[in-house]
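One structure below.
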Amino acid sequence: MGNKIDFNPYTYTSGNGFNYNQFNNMSSPYGMNSIYDGNRSYGNSFTGDTFEAAKTVEPEGKIVKTGTYGIEKYNKLTESEKLSLRANIKSQEKIDDVLHLTNIIEENLKKRYPNGFKIVGIGRSPSLLMEILKAKGHDALSCPISNLTNGEYDIAGKYSYLKQLDRQDVITYKEAIESLGISADKIKASGKPTVFVDYTRTGNSLRYFQDLIARPEIGIDKKLPIEFLSLNKDLMPNKTMSDINLINKYWENLGIKEYSFMPKLNISELGKTKEILKKFVPNDDACKFILQVIDVIRRIK
């Protein structure tokens, strides 16, 4: 396995053996446009006679505490708190959409790495996906870095890469990612490939990140079992028009950043990485949404 980044344009060519029909036919446990039915079971103990009670027993505002989210938080919820989550869903369609994209990417990851993988999302765009994959039992995490440029435009009108980073900034960033469990030694000892992913337009973000972590101070280079992949291109090679519409909605138009679990950390802020991460708290809606998504995942297993 090499670590060459080779981004291809969107393709609609079939033939890789991957069955996308199963995803096109995927339905929500709630139903895409369902209306609450008091005679229907919405989970093991979620029936009509508890629907209104769930709203009053555990007000939704008390479910998510500051700084708590994800699978760790979900595992600590009481049954009444889970009922309240289900009773206060604002957009069933959004849950379905996000899970649809996640399922496609998950299946392609499992095809590429049948013996397992560690996946690392770069910056804010993939952070919701990383939380969902983690809830599904995968070794997934988010790595905080955005806008890996010097902020100046070149002649072609594109951002140019800051090739000469301050050595102390690189060391500080190394300390920050090592605190997340990302290091050359751990990648070498893991026995499985580490896959760095991002939503891409040009592929530059992943290339620049690859250059950064390959610096001698960090040492994560092509000698290790690593790969850099585009979520929307490499891991969704046979997109349908419906898939593209969802990508445009949740990635291309940056809608998914509404539910980001990473701060925007520009290259000029590398020296403050640990401080920024320590203070960062996702908004309440983001925390609530991921808990509702995890609840669906857990109940359809």
Label F280 and D211 with points 7 Å out from Cα along Cα→Cβ: what is the distance between them in nm? 2.2 nm
To make sure I understand, if each residue's beta carbon is the centre and we count other beta carbons within 10 Å, what order do F228, F280, F261 fall in, fewest to most? F280, F261, F228
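Each value in this text was obtained by applying a stated rule to the coordinates, not by laboratory testing. As the structure is a computational prediction, the values presented were derived from the model and not from experiment. Positions of Cβ are backbone-derived with ideal geometry, glycine not excepted, and every protein chain shown enters the neighbour counts.
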